[in-house]
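Data first, discussion second: the structure below is written as structure tokens.
FYI, it's all coordinate maths here, none of it is from the lab. Given the structure is predicted, the values throughout are model-derived calculations rather than measurements. We place every Cβ from the backbone using ideal geometry, glycine too, and count neighbours over all the protein chains shown.
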Amino acid sequence: MNKEYYFISDLHIGGDAELDICDFEPELIGFLKELENKDRETELIIVGDVFGFWELTGTDGVEKLDVIAGKHRELFDQFRKTGEMITITILPGNHDYSLACESVFIEALAEYNLRLEPREHIIREVAGKKIWIEHGSQYDSFNRASEFGDPYVTPIGYYITNHIVSTTGRQATFGKSQWLKDLESVQPLEHIPDWFLSNYYYREMSPILRWIMLPFLLLFTVSLVAFVGMILEQQGILGTSIFSREFLDSFGIFGKLFGLILMVDFVVISFLILLAIPLGLIFRDILKTLRRFGLRTGKELDQQKTDVYLEAARKVFSRDPEVAVFLFGHTHNPFLQKIDGRIIINTGTWLKRLIRIRSWNRLMPDIYYPTFCLNYFRIFEEAGRMVIKYQRIPHAPPSGLTLLQRVLILGRKRSDLIDIPARTVIES
């Protein structure tokens with residue numbers, strides 16, 4: 001009987017305080033139960049970062065696994081039951097890198113019928129073709145282990161996660177809402193400063209201060225139009241008087257209040273116009289400097305991160321012509337891409353994903369819209385060909401947005417849909 005393989009990755013189970021909350025645990029248990037009905041030729045491969053060891057402080061070594069298993073007893077019981085029927089294989093990622101360093105984990109995971117392969121990559125075969133499987137952190141300078149399996153390797157990503165991310169999990173309860181625990185969901189990490197600013201303004205700022213600022217921000221565009229209109233009226237280009245103070249005063253107290261707001265905005269606009277040229281030149285020079293050092297922003301940054309893996313896949317394809325699929329995780333960005341008849345797959349993550357959406361008022365901070373992409377890839381043989389199926393598991397997250405955030409993205413397109421074909425066939 002031909003084997004079939006299921007792939008998921010980046011579950012990040014476990015962590016300090018609020019980071020220990022597993023939003024998708026019921027769906028993961030349900031997925032494992034479905035796999036119980038498969039035959040013994042089925043293998044589930046979890047492609048790294050199964051556990052959040054870096055996020056879990058206060059314990060070391062195999063004790064981290066014991067703590068996580070104790071807090072997620074139902075899930076680990078299900079691992080044990082499903083593992084009796086099919087093979088469940090785990091690869092080390094960067095967040096659970098100690099799985100690659102300490103052989104004691106092999107026996108500890110076997111108690112839950114989880115088979116650990118402490119290697120940087122593994123190979124599986126379907127229809128006479130190879131699937132190259134790895135976590136992918138070795139291409140990330142922040143998280144790369146210079147010598148895989150060396151327990152003394154501590155990339156900079158470890159310090160960031162262990163000392164900063166885990167702290168946010170413990171401090172999340174001090175906020176007006178527990179938004180801080182979603183730090184791991186911000187991708188790429190370069191968006192973190194904007195994410196902090198967004199949450200400060202919409203969630204943590206004093207409501208009195210925010211509601212004082214709000215009319216000035218909302219009317220800023222109107223003020224800009226009024227500012228231009230006033231100049232055109234004074235120059236005689238417009239034969240109207242709707243931008244005059246007398247016209248506003250005719251509306252009584254409301255007109256006077258609106259005029260006061262416009263006056264404040266006029267001062268701000270005048271100041272910004274004076275600064276626009278030098279600030280524009282400085283900003284342009286900063287972008288040129290970042291590019292000179294190989295850094296990118298926005299869409300350029302996302303594409304740069306993807307290109308690293310596309311190049312890695314090309315090298316693997318070149319070294320071994322029998323490899324038809326290069327499969328990895330790590331970046332939390334699921335996709336399937338064809339290159340010269342071969343397939344590159346990113347398995348994504350089951351963590352919450354934050355989609356950055358521009359406010360329709362560009363003066364307001366961007367909104368980070370929460371969504372989930374609980375998904376898996378299934379690869380099997382059919383009529384002598386390799387077939388790849390992609391499936392998403394429904395999970396509707398609570399919006400977690402304030403009323404103001406929902407209003408500011410009203411009608412905005414939410415690019416949370418992943419464009420991956422449900423079925424892909426690799427011809428012989």
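Give the shape of the range 1-147 as rounded, prolate or oblate, defined through the alpha-carbon gyration tensor: a ≥ b ≥ c are the square roots of its eigenvalues, a/c under 1.5 means rounded, and otherwise the shape is prolate if a/b is larger than b/c and oblate if not. Since a/c reaches 1.5 but b/c is at least a/b, the shape of the range 1-147 is classed as oblate.
Mind scanning LYS33/LYS181; LYS33/LYS338; LYS3/LYS389 and naming the pairs with a C-alpha gap bigger than 21 Å?
Details: LYS33/LYS181 29 Å; LYS33/LYS338 32 Å; LYS3/LYS389 14 Å.
Correct reply: LYS33/LYS181; LYS33/LYS338.
Listed values for the range 343-359 are Karplus-derived 3J(HN,Hα) couplings in whole Hz (6.51 cos²θ - 1.76 cosθ + 1.60, θ = phi - 60°), namely 10, 10, 10, 10, 7, x, 8, 9, 5, 4, 10, 9, 9, 7, 10, 6, 5, and x replaces Gly and Pro.
A Förster radius of 35 Å combined with the Cβ-Cβ distance from ALA396 to SER141 puts the calculated FRET efficiency at roughly 0.45. When each of ASP307, ASP20 is scored by the number of other beta-carbon atoms lying within 10 Å, the sequence from fewest to most is ASP307, ASP20.
Here each label is just a point 7 Å from Cα along the line to Cβ, and for VAL62 and ILE212 those points are 6.0 nm apart.
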